[in-house]
Amino acid sequence: QTEIQWWHAMGGPLGEWVNDLAKGFNESQKEYKVVPTFKGTYDESMPAAIAAYRAGNAPNILQVFEVGTATMMASKGAIVPVWKIMQDAGQKFDTAAYVPAVGGYYTASNGQMLSLPFNSSTTVFFYNKDAFKAAGLDPNKPPSTWPEVTLAAAKLKASGSTCPLTISWQGWTQLESFSAWHNVEFATKNNGFGGTDARLVFNGPLQVRHIQNLANMAKQGLFVYKGRGNVPDAAFISGECAMSMGSSSTYGQVNKVAKFAFGFSPLPYYPDVPGAPQNTIIGGASLWAMSGKPAAENKGVAAFFAYLSKPEVQAASHQRTGYLPTTKAAFELTEKSGFYAKNPGTDVAVNQMIRKTTDKSRGLRLGNYPQIRAIEDEELEQVWAGKKTAKEGLDSAVKRGNELLAKFQQANK
Ligand SMILES: O=P(O)(O)OC[C@H](O)CO
């Protein structure tokens, strides 16, 4: 049996899902054995794999979050494009089978798909219906605008909530998706899709206004900062925080462990901004095949990728986790089964990304972006702590981020 090493960043219930996928594939055939290994968060697993690649012991498959895409695309020698690994192995691979909002993100400007869409998500709002009831709020009417979120937070606080609102993936939800949701540029050159000379511009009047509002909410105890990445999810799942925003994939975890009634709904917006709400942007991760591996192992990678893309496997993954269906067939299968009607809230991400695709939902294509996300975190933390105004924090984040973009452009000329 040929072993295929798969490094991933899925913990908790999502880790169990990844293990089940490998088990399903391993039991479906005898030639290959996929061995999944949890390598920490997205931020930890990507540098770990780059270091392993340099030392000559990279895994066969690496899961990389969406913000690492431009960096991976630029590291040509380190990866085998998904179209090529499938073609070399004689596996059927039709890029048109993938949902455009998802497949497009992982496709280079020459039309070639470079990594396999695996767990794509988008930003959503979630709230504790029991806490809403206790605060005298309608549990079936989530706030849809920022003024409504602020009012709901005040009522929740008055009813005794110590954490009315927290936020996961703050850079992704409050700056990146926030900008697309309000049809405001985040970075020039179509958020980087138009060339490596793109520059960050997320220190505009609307973003500054929003981050200042959040800072004011933090001062009043209406917004409570709970950390970077998806760390704040735990404070929602435990029932401590009544409202949150984060990945649609939080659904699978909340559904599994929360001891309260919950709802998922679209991100709030500012109703006075023309064109809002527009659309949110893609998140999650894709799978990259690493180079320098024996042909037999590459064949196994291709067989596993084909297995993961099967409509029934894809549909089951989507329904279990809250990640988007990556193929059109998986979406159609889920819709036909009546899943969305039976599980309200699971359709929010689908409505935002699958039914309505615009050019702007493509997300960001910016080099050195994992490092830029860390800068966003640092600067926002300064703002939440009252050490910087929103304008100072965002101006500094843009300046520091643009220095990294310039370096990336220089290195990839
Ligand atoms: O929690 P995920 O997997 O949906 O990923 C969230 C963000 O897109 C990571 O950059």
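See the values below:
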| quantity | calculated |
| --- | --- |
| Residues that are within 16 Å of the ligand (Cβ to nearest atom) and either buried (at least 24 other Cβ atoms within 10 Å of the Cβ) or assigned to a helix (DSSP H, G or I) (or both), drawn from region 368-410 | Tyr369, Pro370, Gln371, Ile372, Arg373, Ala374, Ile375, Glu376, Asp377, Leu380, Gly401 |
| Residue ID - nearest to Arg362 (Cα to Cα), chosen from residues in region 86-127 that are modelled with pLDDT of 95 or more and over 22 Å from the mean Cα position of the chain (by Cα) | Met86 |
| Evaluation of Gly227 against (1) of a type outside the set (Phe, Trp, Tyr); (2) away from the ligand (no atom under 15 Å from the Cβ); (3) farther than 22 Å from Val348 by Cβ (one fails), failing number | (2) |
| Residue match in region 75-98 (condition: part of a strand (DSSP E or B) and β-branched (Val, Ile, Thr)) | yes |
| Region 59-74, subset part of a helix (DSSP H, G or I) and hydrophobic (A, V, I, L, M, F, W, C), residue farthest from the ligand (Cβ to nearest atom) | Ala74 |
| Flag for Gly171 being of a type outside the set (D, E, K, R), part of a loop (DSSP other than H, G, I, E, B) and either modelled with pLDDT of 95 or more or within 23 Å of the chain's Cα centre (by Cα) (or both) | no |
| Filter result (crowded, with 19+ Cβ neighbours inside 10 Å and over 18 Å from the mean Cα position of the chain (by Cα)) within region 39-71 | Ala49, Tyr53, Ala58, Pro59, Asn60, Ile61 |
| Among residues of region 187-209, those that are surrounded by fewer than 20 Cβ atoms within 10 Å (Cβ to Cβ), in a helix (DSSP H, G or I) and modelled with pLDDT of 95 or more, counted | 4 |
| For Gly40: the one exception among (1) in contact with a Leu (Cβ under 9 Å, 6 or more places away or on another chain); (2) within 23 Å of His318 (Cα to Cα); (3) not hydrophobic (A, V, I, L, M, F, W, C) | (1) |
| Residue within region 137-147 that is surrounded by fewer than 24 Cβ atoms within 10 Å (Cβ to Cβ), out of contact with any strand residue (DSSP E or B) (no Cβ under 8 Å at 6 or more places or on another chain) and not in a loop (DSSP other than H, G, I, E, B) present | yes |
| Candidate set from region 377-413 (those that are over 13 Å from Val208 (Cα atoms) and touching a Gly at 6+ places or on another chain (Cβ under 6 Å)); member that is modelled with the lowest pLDDT | Phe408 |
| Total residues in region 1-58, condition more than 15 Å from the ligand (Cβ to nearest atom), among the hydroxyl-bearing types (Ser, Thr, Tyr) and in contact with a Phe, Trp or Tyr (Cβ under 6 Å, 6 or more places away or on another chain) | 2 |
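Table: residues versus (1) of a type in the set (Val, Ile, Thr); (2) in contact (Cβ under 8 Å) with a residue 40 or more places away in the chain; (3) in contact with a strand residue (DSSP E or B) (Cβ under 6 Å, 6 or more places away or on another chain).
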| site | (1), (2), (3) |
| --- | --- |
| Pro36 | no, no, yes |
| Thr41 | yes, yes, no |
| Gly68 | no, yes, no |
| Ala97 | no, yes, yes |
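The values are calculated or read from the model by the stated rules, or taken from the named source; none is laboratory data. All figures in this text were calculated on a predicted structure; none of them were measured in a lab. Every residue, glycine among them, receives a Cβ derived from its backbone with ideal geometry; neighbour counts consider all protein chains shown.
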